[in-house]
Amino acid sequence: MTEEVLLRRRSRTHAIVEGALLGDIAIVFLLMRVYLPLPVVRTLLRTIASVPFVMLVQRRGLRVAILAAIASYILFSALVGPLLGLSAIDIAVAGILIGLGRKAGLPTLLNTLWAAVAYAILDLIIPTILSVIIFRFPVHQLIDAARHFIRLLFNFAIFVMKGIGAPSGAVHTLKGWEGPAVSHWQISWIVTTIFLGFLNVYLVALVSDMVLNQIPEETLATQRAA
């Protein structure tokens with residue numbers, strides 16, 4: 001057996017062990033999130049749980065990160081159930097996307113922007129569409145609910161603008177946007193999901209920068225592929 005083969009096996013073993021350890025760290029934070037039902041604390045723990053996947057993508061690449069995400073979901077779902085276990089996939093997707101941007105050397109803002117769109121598509125839009133198809137939700141009722149929600153958002157925004165003394169012209173303009181937004185609810189829904197995706201991945205990118213910038217560059221350097 002040649003030295004090169006031994007090095008490849010050792011590198012593969014190190015990658016598997018590292019993926020398992022970082023995945024377990026993410027699960028620990030997710031378990032803390034389950035048993036500490038405080039809104040701010042839950043959001044912070046969810047964000048921190050994504051950081052191990054960011055680091056894993058940088059060091060070991062996309063394949064190992066995906067395998068670690070699958071293993072984390074299986075383990076976490078065994079502890080809390082398959083539905084609650086989906087949060088492991090959620091944080092893994094956010095961490096992997098931010099990790100890919102960091103590995104490519106993208107600035108934080110640009111990394112957040114592209115990851116927000118990808119996260120919205122992969123983690124929000126596609127799962128929602130699949131859920132409607134698989135569970136056969138009544139489409140007409142969902143559309144009516146979406147339009148009603150858009151009206152509520154506009155009514156709330158108008159209420160806030162009037163409360164802060166916004167010019168009547170601005171309030172009138174906002175009212176004029178309500179009709180097209182309700183009619184084209186699909187566009188409004190997509191924009192809303194992208195905005196939610198931006199909020200999610202921005203927190204992950206921010207916390208990842210804060211944590212990983214404290215780690216030496218040689219530690220974060222990409223390891224030789226197995």
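Values in this text are rule-based calculations from the coordinates and carry no lab data. Quick caveat, the model's predicted, so the values are computed rather than measured. We place every Cβ from the backbone using ideal geometry, glycine too, and count neighbours over all the protein chains shown.
A few remarks follow.
- Across region 128-140, rounded Karplus estimates of 3J(HN,Hα) from the backbone phi angles (6.51 cos²θ - 1.76 cosθ + 1.60, θ = phi - 60°) give 5, 4, 5, 5, 4, 6, 5, 8, 6, 5, x, 5, 4 Hz, Gly and Pro being marked x.
- Fewest-first sequence of K103, K162 by Cβ atoms within 10 Å of each Cβ: K162, K103
- Full-stretch length increase - N155, T43 - with 0.36 nm per residue and alpha-carbon distance subtracted: 37.6 nm
- Theoretical FRET efficiency, 1/(1+(r/R0)^6), r = Cβ-Cβ of H184 and F137, R0 22 Å, to 0.05: 0.55
- Computed from Cα positions, the angle between helix 108-119 and the longest principal axis of the chain comes to roughly 80 degrees.
- Multiplying the residue separation of A20 and A170 by 0.36 nm and subtracting their alpha-carbon distance yields 48.6 nm.
- As a proxy for reagent exposure, ranking I164, I98 by other Cβ atoms within 10 Å from fewest up yields I164, I98.
- Taking the C-alpha atoms of the chain, convex hull volume expressed per residue in Å³: 163 Å³
- Theoretical FRET efficiency, 1/(1+(r/R0)^6), r = Cβ-Cβ of I125 and V28, R0 25 Å, to 0.05: 0.25
- Prolate/oblate/rounded call for region 40-80, Cα gyration tensor, a/c under 1.5 rounded: oblate
- With semi-axes defined as the square roots of five times the eigenvalues of the C-alpha gyration tensor, the equivalent ellipsoid of region 64-142 measures 26, 20, 8 Å, largest first.
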